[in-house]
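Reviewing the structure listed below.
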Amino acid sequence: MDDPIPLSALQHFVFCPRQCALIHVEQVWAENSQTARGSQQHERAHSGGSEERGGTRTLRALPLVSRRHGLAGVADVVEVLPDGSPRPVEYKSGRAKPRLADEVQLCAQALCLEEMFGVDIPEGFIYHVASRKRREVSFTPELRQAVLDARDGVRELLRSRVLPPPAADDRCPLCSLFDECEPFAPRDFPAGYDPFSTRLDEPRG
């Protein structure tokens, strides 16, 4: 039986398959101000423990697993509503901006929670720390299928151990592995494009 796919690998794969392979196949990682800030925020969320307020119980750093879907990881926060049904809450350091990669990661948490709690979960939330906004994400059939497609893509990367080509597009300056990936030769930058002009409050993959 295959090992479960880490939930974080799904986010990396949807953002960029090459980034996913660098991290999960070649074990390459580079820390920068954005990833360091994100790590600090996740450490707070992953401090563990639980609390209850207004009938809703908040669980932090909850281990997740789905044997059916072959997934495993840790949820930043899971809120258990008064009726006993859970809702995953993922923390992101950037401002509120929809990204499929983040929504796939959140939905994958829901698939695990559905199996663990034996309930259907219609939505979850992404909390964007920089803008202090909480955004609801509906777990549509299309998003659920995107999770399974990403899982299969990651599994194939791990099996083949082949490094995909760089994206070489506007995702690259947002990636913490920009220097390690070297996606652009100097002549390949789009005309008038400065990869180092990225705002510091933009999320990185």
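Laboratory data are not the source of any read-out in this text; all were calculated from the coordinates shown. Keep in mind that what you see is a predicted model, and the values were worked out from it rather than measured. Note: ideal-geometry Cβ built from the backbone for every residue, glycine included; neighbour counts use all protein chains shown.
At-a-glance table
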{"quantity": "Index of the failed condition, residue 116 passing every other in (1) among the hydrophobic types (A, V, I, L, M, F, W, C); (2) over 17 Å from the mean Cα position of the chain (by Cα); (3) assigned to a loop (DSSP other than H, G, I, E, B)", "calculated": "(3)"}
{"quantity": "Residues of region 137-185 that turn out to be at positive phi, touching a Pro at 6+ places or on another chain (Cβ under 9 Å) and of a type in the set (D, E, K, R), as a count", "calculated": "1"}
{"quantity": "Close pairs from region 1-27: first touching a residue at least 24 places away in the same chain (Cβ under 8 Å), partner in a loop (DSSP other than H, G, I, E, B) and among the aromatic types (Phe, Trp, Tyr), Cβ under 9 Å, at least 6 apart", "calculated": "22/29; 23/29"}
{"quantity": "Within region 123-163, tally of residues that are over 16 Å from the mean Cα position of the chain (by Cα), in a loop (DSSP other than H, G, I, E, B) and surrounded by 13 or more Cβ atoms within 10 Å (Cβ to Cβ)", "calculated": "4"}
{"quantity": "Answer residue from region 54-78, given it is more than 20 Å from residue 8 (Cα to Cα) and touching a Ser or Thr at 6+ places or on another chain (Cβ under 7 Å) and is surrounded by the fewest Cβ atoms within 10 Å (Cβ to Cβ) among those", "calculated": "58"}
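To keep it simple, each residue is scored yes or no on (1) assigned to a helix (DSSP H, G or I); (2) aliphatic (A, V, I, L, M); (3) farther than 16 Å from residue 149 by Cα.
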site	(1), (2), (3)
76	no, no, yes
79	no, no, yes
83	no, no, yes
94	no, no, yes
98	no, no, yes
103	yes, no, no
106	yes, yes, no
109	yes, no, no
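Here's the yes/no breakdown for (1) over 21 Å from residue 59 (Cα atoms); (2) in contact with a Cys (Cβ under 9 Å, 6 or more places away or on another chain):
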| site | (1), (2) |
| --- | --- |
| 113 | no, no |
| 117 | no, no |
| 124 | no, yes |
| 130 | yes, no |
| 135 | no, no |
| 146 | yes, yes |
| 154 | yes, yes |
| 158 | yes, no |
| 161 | yes, no |
